[in-house]
Amino acid sequence: MACSRHDWTSRRAFLRVAAGLWALVAGARTADAARAQPLRPTPSCAGESSPTPRQTEGPYFKPDSPLRASLLEPGIVGTRIVVTGLVLSTDCQPVSRALIDAWHSDDRGVYDTTGFRLRGHQFTDDQGRYRLETIVPGVYVGRTRHIHVKVQAPNRPALTTQLYFPGDAGNARDPLFSRDLLIQVREGTDGKAGTFDFVLDLGGRPGRG
Ligand SMILES: [Fe+2]
C-alpha cells in the first residue's frame, strides 16, 4: 500500500525523535558506565609514567624532622601555599603510607640549621594523598625558589628531589631547575594552592628503609 507524503513526513519525524531518544539513552548509559569505573588518580598519570627525577639533597637536610603536615608556626612570615598531590607508582597506583619529608628556606632564603622550622614529615593516606601547608621559600645565592623533599614508599629506598615554582625569575639561572619538577600553582583564597604528584619506581628489590 502506497504511503501519502503526509505519512512519510510523519514517519521521518517519528524516526528522528526515536533516534534522538536512543542517543539520550545511550549517552546516559555511557555516563553511568564512566561513573561506575574507578577514577584515574590523576590525568598526568595514565597507564605508565616516568619516575619523578632525583635531585641532590643539598647541604641542609636534617633527619628526625617533626611529624606534621603544616610547617606554619608563630613567627613565620611569607606567602602561604598549600601543596597537595599523590604518591604513585610508575603504573599509576597510589602508594599509601609513603613518607614525605620536606624542608626549605624561610622567606629570606635562610634555612634553620639549629632547629626544625620549615621542616616536617608526613605520610600519605590510603589513597596516596598528601597535603603540605607552608610558605613559598625565599631565594638564596645561586638557587631559585625550591622545596627539598624525600619521598619513600614503605620498605623502599627514598627518592630525594626538589620542587620548583613556575614563573620564578631565578629558574632560568639555576642549573638544577627542572621543568619536570614544577609545582602547578594557582592563586587561592588564602595564599597559593599548588599540586604535584610524585611517581616512584617500585620495581626494584625492597630497600632497608
Ligand atoms: Fe636548598
Return only the number of the condition from (1) surrounded by 10 or more Cβ atoms within 10 Å (Cβ to Cβ); (2) out of contact with any Leu (no Cβ under 8 Å at 6 or more places or on another chain); (3) modelled with pLDDT of 95 or more that Thr56 does not satisfy.
-> (2)
With criteria (1) surrounded by fewer than 16 Cβ atoms within 10 Å (Cβ to Cβ); (2) away from the ligand (no atom under 13 Å from the Cβ); (3) more than 29 Å from Ala46 (Cα to Cα); (4) small (Gly, Ala, Ser), Ser96 comes up short on (3)
Number of the exception - Ser96 against (1) in contact (Cβ under 8 Å) with a residue 40 or more places away in the chain; (2) hydroxyl-bearing (Ser, Thr, Tyr); (3) part of a loop (DSSP other than H, G, I, E, B) | (1)
State which residue pairs qualify: first residue within 16 Å of Phe165 (Cβ to Cβ) and more than 15 Å from the ligand (Cβ to nearest atom) and inside the stretch 57-84, second residue aromatic (Phe, Trp, Tyr) and assigned to a loop (DSSP other than H, G, I, E, B) in any location, beta carbons under 7 Å apart, and separation of 6 or more residues or different chains.
-> Val83/Phe196
(1) β-branched (Val, Ile, Thr); (2) crowded, with 20+ Cβ neighbours inside 10 Å; (3) part of a loop (DSSP other than H, G, I, E, B): which one isn't true of Ile76, the others all being true?
-> (2)
Take the residues of the stretch 99-125 that are among the polar types (S, T, N, Q) and in a loop (DSSP other than H, G, I, E, B): which is nearest to the ligand (Cβ to nearest atom)?
-> Ser105
Test set (1) over 17 Å from the mean Cα position of the chain (by Cα); (2) not aromatic (Phe, Trp, Tyr); (3) not in a loop (DSSP other than H, G, I, E, B) - Leu88 fails condition number = (1)
Identity of the residue in the stretch 104-120, surrounded by fewer than 19 Cβ atoms within 10 Å (Cβ to Cβ) and not charged (D, E, K, R), that ends up nearest to Leu71 (Cα to Cα) | Phe116
Name the residues in the stretch 92-117 that are more than 16 Å from Glu57 (Cβ to Cβ) and within 20 Å of the chain's Cα centre (by Cα), would you?
-> Cys92, Gln93, Pro94, Val95, Ser96, Arg97, Ala98
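The values are calculated or read from the model by the stated rules, or taken from the named source; none is laboratory data. What you see is a predicted model, and the numbers here were worked out from it, not measured in a lab. FYI the Cβ positions are ideal-geometry reconstructions off the backbone, even for glycines, and counts take in every protein chain you see.
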